[in-house]
Amino acid sequence: MKVGKYLSEEEILLENGWVDEAREDMRKFSRLYDKYFEAIFGYVFRRTENEAVTADIASQVFLKAMQNLEKYEFRGLPFSAWLFRIAANEINRYYRKRGKNQVFSIEEDRLKDLIDAGWERDIKEEQMNKLLAALKDTSTQVVEILELRFFEERSFKEISYILNITESGAKMRTYRAIEKIKQLIGENS
């Protein structure tokens, strides 16, 4: 059974062993870093659209993870859920400090994943353009839910952990976000 985008339940348990080993010898943290750096970097980049800022935030995520590894608690989720939670907090901290609005960038393939998940039929190029515009004008919370669910392919359980909400709250927010996007591009519910 797959849990989230990357790991089966067995792989999650194996990975938890890696965390335990890293607690004993911090040099072994590199396995976790190597496994998740690209995913964290991509997540942060889509939220900043700035490579230098992304590199700083991603570095901060892994530094905080190393510094707080003793506090990490296994909850049946991939270690990456904890990293994404740290990343979400660091992104929010970055924007709060600067008083800027968050940005969001999306690749066309990822947008098609969202469309496939939320629409019963193909949408036209005109609607695709409306969807892109709608995403740019949508609240950060809505985009964050959509990104984690469809672009990062996270389970509702992982999303609830990352955003510190209930699992039913994650489901409800996801479905509301899809409905909001449909309304913004003129789709009927």
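The values are calculated or read from the model by the stated rules, or taken from the named source; none is laboratory data. Not measured: the values here are computed from a predicted model. All Cβ positions, even for glycine, are placed from backbone atoms using ideal geometry, and neighbour counts span all protein chains on display.
Listed values, structure above:
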quantity	calculated
Residue check for ASN101: under 23 Å from ALA133 (Cα atoms) and at pLDDT 85 or above	no
Helices (runs of 4 or more DSSP H) completely within segment 1-97 that count 3 or more residues being within 19 Å of ARG154 (Cβ to Cβ), outside the structural domain of ARG149 (by TED's automatic domain parsing) and within 17 Å of the chain's Cα centre (by Cα)	29-48, 51-67
Residue among ARG85, ARG93 that is at pLDDT 70 or above, in contact with a helix residue (DSSP H, G or I) (Cβ under 7 Å, 6 or more places away or on another chain) and under 19 Å from PHE45 (Cβ atoms)	ARG85
